[in-house]
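The values are calculated or read from the model by the stated rules, or taken from the named source; none is laboratory data. From a predicted model like this one, the values you see are computed outputs, not experimental measurements. Here the Cβ is made from the backbone with ideal geometry for all residues, glycine too, and neighbour counts use every protein chain on show.
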Amino acid sequence: MSVKKAMDTPLRIGLLHYSCPPVVGGVEEIVSQQACVFHRMGHSVSVLAGMGEVYTKDFSVRIEPALSSKNARIMKAHEECKKGHQGTLERPTNKIYRILKDWSHELDVILAHNVLHMPFNLPLTLALRRLAHSGEGPAVVSWAHDSPYFQPSPAKYLNSSPWVVLQHLHPNIHYVTISESRMRLFRKHCGGGHWRVIHNGIDPVRFFYLDPKSVRLSEELDLFNRDLVVMQPSRITPRKNLELSIHIIRGIKLLGYNVLFILTGAYDPHEERGVAYYRRLRYWINELGLQDNIAVLAEYRFRDRTKLVLDRIFIRDLYLMSDLLLMTSKDEGFGLPLLEAGMIKLPIACSEIAPFQELGEGICFFGLDEPPLSIAGRIIEYLARTNTLKMFRNVMRRYVWDVICKREVFPFLREITGQEPE
């Protein structure tokens, strides 16, 4: 199989937990985010849970009450088991095993969140281990968030059979946990074993309610992996002084930053001066080697050649995904972008003209006659003092699900399912 074909082949992924939305909880949110991102990235997704609802039509969601952590029969079987009657687990374990076999027969992999380590439905734990042991089902991943054995004094019954299975690693199961500190705890309490750390992430598409156009643009411009994203919502006219913006961006790049500058404004193609100015800007972008660092959206076309049509929702999304608002105008009557950026605590760097000075407080001003490299250095110093920037960019570069999936999740899943590129 070619590398491209292997990487493009959709995976059939099952996500398993005691509950799913609208049940509220941290693990439920992670399951929901993973399912949404996997689906959006072109993979086949199926969610199986004991409580919740069929909360989407985008992919399969199946509710089986026997898998719940609050199922009355399961809870009764637990109580009997604690008294020494282990035989009460046999029937529910067999029932859940049949459910798992039926659900998973066309899957490549099951991501089982917490159910192999938490004591909330032991028949589910035993049934999933049996499925993995059979070698007839898909690859099984224990995506482990927590364990009762991490507590200073776990309940005594947890140290007796069959509950101790929650500590035992199975050779046919792959083990993932969500942080280095969790990995140390699991190794300590589960007898070592091989654990892979894949951090939880966040999905900006859902968190910000991003428009599909914004999602496509962020992917095509590799926005989440940049060191710095700068936006300027200005029309392309000489008074906006956009050539200064271009030279400032060059200065930031020379300082060692993988910067992306997004210029949103349009120009009038029927106005001769506007066309000439746009061509001059394009000349500077090419001359300075900034083709990969500057996106002029006035004539932007997606990779499928469809034209990007801007609207207010799209502009709002750019504010939310950017690190800095840059305004280099020579003349303005007001400065609405400064207010828009202020609303979402976005850092601002702008020319020291009267309207901006009236509005601006705690922002980075620069003179129009200052050298662009000097302005670039001032902006970087200003951002270094802005407490929110480092955390925002750290999240966007390392903890966005799209990034985590491309770098870690899918290479791992292809490895354990035998779909690695040759």
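List of remarks:
- Within region 354-370, considering residues that are more than 29 Å from ILE313 (Cβ to Cβ) and without any contact (Cβ under 8 Å) to a residue 60 or more places away in the chain, the one surrounded by the most Cβ atoms within 10 Å (Cβ to Cβ): PHE366
- Residues that are among the hydrophobic types (A, V, I, L, M, F, W, C) and free of Cβ contacts under 8 Å to residues at least 40 places away in the same chain were ranked within region 380-394; the one that is farthest from ILE348 (Cα to Cα) is MET391.
- Among the residues of region 268-299, just one is in a loop (DSSP other than H, G, I, E, B) and buried (at least 18 other Cβ atoms within 10 Å of the Cβ), namely ASN293.
- Filter result for LEU310 (within 17 Å of LEU383 (Cβ to Cβ), in a loop (DSSP other than H, G, I, E, B), in contact with a Ser or Thr (Cβ under 7 Å, 6 or more places away or on another chain) and at pLDDT below 95): no
- Number of the condition not met by LYS188 [criteria: (1) more than 30 Å from TRP284 (Cβ to Cβ); (2) outside any loop (DSSP other than H, G, I, E, B); (3) in contact (Cβ under 8 Å) with a residue 40 or more places away in the chain]: (3)
- Flag for SER218 being buried (at least 19 other Cβ atoms within 10 Å of the Cβ) and assigned to a loop (DSSP other than H, G, I, E, B): no
- Taking the criterion of being under 28 Å from the mean Cα position of the chain (by Cα) and either under 20 Å from PRO92 (Cα atoms) or assigned to a helix (DSSP H, G or I) (or both), no residue of region 129-147 qualifies.
- Qualifying residue in region 174-182 (condition: part of a loop (DSSP other than H, G, I, E, B), in the same structural domain as THR93 (by TED's automatic domain parsing) and either charged (D, E, K, R) or closer than 30 Å to PHE150 by Cα (or both)): yes
- For beta carbons closer than 7 Å, sequence separation of 6+ or different chains, a first residue in region 17-44 that is within 23 Å of ILE96 (Cα to Cα) and a second that is charged (D, E, K, R) and in a helix (DSSP H, G or I), the qualifying pairs are HIS17/GLU28; SER19/GLU28; CYS20/GLU28; PRO21/GLU28.
- Region 191-236, residues that are β-branched (Val, Ile, Thr), in contact (Cβ under 8 Å) with a residue 60 or more places away in the chain, in contact with a strand residue (DSSP E or B) (Cβ under 8 Å, 6 or more places away or on another chain) and within 20 Å of ASN394 (Cβ to Cβ): ILE198, ILE202, VAL229, VAL230
- Filtered by the rule that a residue be at pLDDT below 90 and either exposed (fewer than 14 other Cβ atoms within 10 Å of the Cβ) or on the phi > 0 side of the Ramachandran plot (or both), region 386-407 gives ASN387, THR388, LYS390, MET391, ASN394.
- In the set (1) part of a helix (DSSP H, G or I); (2) within 21 Å of the chain's Cα centre (by Cα), LEU346 fails one condition alone, (1).
- Of all residues making up region 239-295, the number that are out of contact with any strand residue (DSSP E or B) (no Cβ under 8 Å at 6 or more places or on another chain), within 21 Å of ILE348 (Cα to Cα) and without any contact (Cβ under 8 Å) to a residue 60 or more places away in the chain: 2
- One residue from TYR267, TYR175, TYR209 being among the aromatic types (Phe, Trp, Tyr) and more than 30 Å from ALA112 (Cα to Cα): TYR267
- When the strands (runs of 3 or more DSSP E) confined to region 1-97 are screened for residues that are aliphatic (A, V, I, L, M) and buried (at least 19 other Cβ atoms within 10 Å of the Cβ), those reaching at least 2 such residues are found at 12-19, 44-51.
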